[in-house]
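None of the figures in this text is laboratory data; all of them are computed from the coordinates on show. Bear in mind that the values here come from a model prediction, so they are computed numbers and not experimental data. Quick reminder, even Gly has a Cβ in these numbers, built from the backbone with ideal geometry, and neighbours come from all protein chains shown.
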Amino acid sequence: MNEVGEKLKEARKAKGYTLDDLQQMTKIQKRYLIAVEEGNLEVLPGNFYARAFIKQYADTVGLDGEQLLKDHSDIPKAKNDEYSEKVITTQTRSKPKSSSIMDTIQDSLPTILIILLVLSIAVVFYWAVVKGSNDSDTPVIQDKTSEKQDVEVGSNESTDSESETDDSTDQKDQPAEEEPKEEPKEEENDEKEELNITQTSSNGGTTNFTVSGTIPKEQQITLTAEGGESWVSVSVDGKTVDQSLLTDGNSLSSKFDQDSSTVTVVIGNAAVTSVQLNDQAVSYAEESANAVRQELIFEFK
């Protein structure tokens with residue numbers, strides 16, 4: 001195993017890289033890089049990560065990582081060689097979702113059309129009732145006006161009773177004129193603008209997202225392992241805030257405030273790791289179908 005570490009170390013020096021440079025390029029912690037060079041693989045989270053880190057180290061310094069692993073049988077094999085198959089299976093299963101959504105929409109289309117038709121009928125009926133009630137009120141007012149004129153010619157007492165009736169009628173009409181106030185509802189609609197997470201670019205290993213819309217004061221990103229182990233880390237504005245080795249069924253939640261501009265997530269085993277930002281699921285890019293390690297970068301607008 002020391003032979004592998006020496007090869008990697010010599011290749012790194014030939015490239016002129018320091019361990020700090022390699023840490024920035026691979027996103028692997030410096031202590032793990034030192035362990036790989038010295039052959040202390042027991043320091044690493046497990047055999048799977050030992051092979052993954054060696055391959056990524058080799059590829060970064062210009063060596064063939066796959067060939068290096070094949071040439072050295074003393075490198076421990078992962079407990080479960082199905083991780084790569086899980087990646088392919090996960091990505092393959094994610095593609096038909098769009099078709100299933102379209103099928104659901106097509107199946108629901110008749111129901112949607114019926115609902116819209118019922119709503120249209122209800123609106124027409126409502127306006128017909130309102131218009132009919134307005135039309136029925138108009139003759140009553142005219143009759144009262146004509147009666148008032150007749151009474152003014154014949155009797156002062158009936159005129160007083162008519163004026164009291166008109167006053168009570170005016171008092172009843174006043175609240176109806178002040179009822180429509182829609183401004184608060186418009187403000188509530190403005191406040192409910194949805195959070196938008198848009199994928200802007202991807203090269204397979206790294207995917208960039210833009211986050212816009214209404215961003216909450218306290219934000220949260222949650223990483224969950226489902227069906228295996230995954231090493232993850234979260235950095236906010238260039239500073240690492242959380243990192244952990246997640247076992248099956250465990251989650252890591254990192255909170256950050258509204259003023260944060262960039263959040264970077266590094267995932268060691270994307271096939272078994274799901275991501276949620278502010279309770280909204282984040283999907284991996286299609287270009288990353290065969291990538292075990294993923295780096296997700298979120299920029300907030």
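For segment 193-300, what D do you get in µm² per second when you plug the Kirkwood radius from alpha-carbon pairs into Stokes-Einstein at 37 °C and 0.692 mPa s?
237 µm²/s
Explain nothing, just compute: Karplus ³J(HN,Hα) = 6.51 cos²θ - 1.76 cosθ + 1.60, θ = phi - 60°, for every residue of segment 20-33 in order, whole Hz, x for Gly and Pro.
Values per residue, Gly and Pro as x: 5, 4, 5, 5, 5, 6, 9, 6, 9, 4, 4, 5, 6, 5 Hz.
Using modelled amide H (1.01 Å from N, peptide plane; none on Pro or chain starts), what sits under 5 Å from the amide H of S283, excluding residues fewer than 5 places away?
Under 5 Å from the amide H of S283 lies no amide H from a residue far enough along the sequence or on another chain.
What order do you get for 32-44, 117-129 when each peptide is scored by the mean count of other beta carbon atoms within 10 Å, highest first?
Top to bottom by mean Cβ count within 10 Å: 32-44, 117-129.
Given H placed 1.01 Å from N in the peptide plane, which residues other than close sequence neighbours of G227 have an amide H under 5 Å from its amide H?
Sorted by chain and number, the residues that satisfy this are G249.
Compute the distance in nm between two label points, each set 7 Å from the Cα along the Cα-to-Cβ direction, one at Q106 and one at N47.
Each label point lies 7 Å from its Cα, and together they span 4.7 nm.
Along the positive direction of the dipole of segment 193-300 (beta-carbon charges: Lys, Arg +1; Asp, Glu -1; about the Cα centre), which of S212, A270, Q258 reaches farthest?
A270
Using the 2.2 N^0.38 Å rule of thumb for compact globular proteins, work out how segment 2-79 stacks up: its C-alpha Rg over that value, please.
Working it through for segment 2-79, the quotient is 0.97.
Between E226 and V118, what is the FRET efficiency for a Förster distance of 51 Å, r being their Cβ-Cβ separation, to the nearest 0.05?
0.75
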